[in-house]
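Beneath this line is the structure, given in structure tokens, with notes to follow.
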Amino acid sequence: MVDIFLRTLPFFAIIGLGFWAGRTRFFTAEATAYLTKFVFYFALSAMLFRFAATLPFAEIFNIRLILGYLLGTVTVYALATCVAWLRGLDIPTAAVEAQCAAIGNVGFLGLPMLALLFTEAAIGPVMLVLTVDLVVFSSLIVILINGGRDGKLTPATFRLIGLGLVKNPMIVSISAGLIWSSLQIPVPEPLGDFLTILGGAATPGALFAIGASLAGKSAERIQIAAWLSFCKLVIHPACVAVALIWLIPIETFPATVAIAAAALPVAGNVYMLAAHFGTAPQRASAAILLSTIVSILTVPPVIAWVSTL
């Protein structure tokens, strides 16, 4: 496990460097926003498109992985929702807490880290996990918040969901890459080099942006943040492991990658959604901050364990 810890340490060190830059104002909030936009729309999208376009569709699509990961994630999502309801929270706030408990930083942290730890063969399973998170659960929180507020769902809610998916560069790049792959069109060498160079900025850029964005997060509601962090870092990977090893067993390697992805800290886009809808943004902020700090110690043991499968 010490070896795994040392291999993951550089990733968290870059996050720490970004946190220092943001905390000291060497990197302003505006600079962080523009760096995040560059990574989100260009570097990470180039990486996703390159891998999706160069991998056969049959090697990427795994329905049992999708179902198993979905089952494990729905389980922890339901658990967090039930606990929130028992505490008397309304549906929108419960939805934000459930999102914190179940949705990890797969895009900015998981994709670059797991690709380097497990080789580029991990990209396919990671893309499936990322797609499930973006399509299913990003849509679900919009439905729950709007439905919980208005008591009904309107066409405007589904239009908002559709626009969100269409405008999401991760979804667009994965979809475009899969279409390119299905057409069996070889990637021209100049285009491949362009995508490789641009995509190479995704790993350091994403990690630095995570740290710089954490500098603006608060640690309010620490008890709630601790519960949500426990759900995300411990219960979520455990549920996914049970689903993929025993309930819907799949091949060892994709199961390993999916379980490791489930062990990642709370995703930053949960705060963006919470802030956009004005629903418990401080709660999401605290969960992201605490889970990211604690994940330095929790992610290596999970990766070490799944590596023995």
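The values are calculated or read from the model by the stated rules, or taken from the named source; none is laboratory data. Note that the structure is predicted; figures quoted are calculated from it, not measured. When we count neighbours, we look across all protein chains shown, and the Cβ atoms used for this are built from the backbone with ideal geometry, even at glycine.
Structural remarks
- Residues located in segment 34-78, provided they are surrounded by 16 or more Cβ atoms within 10 Å (Cβ to Cβ), over 21 Å from residue 269 (Cβ atoms) and at pLDDT 95 or above: 65, 67, 68, 71, 75
- For segment 220-248, the set of residues classified as in contact with a Ser or Thr (Cβ under 8 Å, 6 or more places away or on another chain) and of a type outside the set (S, T, N, Q) consists of 220, 225, 228, 232, 233, 234, 236, 239, 240, 243, listed by residue number.
- Lone qualifier among 291, 218 - being crowded, with 24+ Cβ neighbours inside 10 Å and out of contact with any Gly (no Cβ under 8 Å at 6 or more places or on another chain): 291
- Complete set of residues in segment 11-33 that are exposed (fewer than 12 other Cβ atoms within 10 Å of the Cβ) and either part of a helix (DSSP H, G or I) or β-branched (Val, Ile, Thr) (or both): 24, 30
- Test: residue 140 is closer than 23 Å to residue 285 by Cα, touching a Cys at 6+ places or on another chain (Cβ under 9 Å), assigned to a helix (DSSP H, G or I) and not basic (Lys, Arg): no
- Any pair with Cβ under 6 angstrom, 6 or more apart, that starts in segment 269-285 at a residue that is on the phi < 0 side of the Ramachandran plot and buried (at least 22 other Cβ atoms within 10 Å of the Cβ) and ends at one that is outside any helix (DSSP H, G or I) and among the hydroxyl-bearing types (Ser, Thr, Tyr): 285/218
- Among (1) of a type outside the set (Phe, Trp, Tyr); (2) over 16 Å from residue 260 (Cβ atoms); (3) surrounded by 22 or more Cβ atoms within 10 Å (Cβ to Cβ), the one test that residue 136 misses: (3)
- Sole exception among (1) farther than 17 Å from residue 110 by Cβ; (2) surrounded by fewer than 18 Cβ atoms within 10 Å (Cβ to Cβ) for residue 301, by number: (1)
- Number of positions in segment 286-309 that are of a type in the set (S, T, N, Q) and free of Cβ contacts under 8 Å to residues at least 24 places away in the same chain: 1
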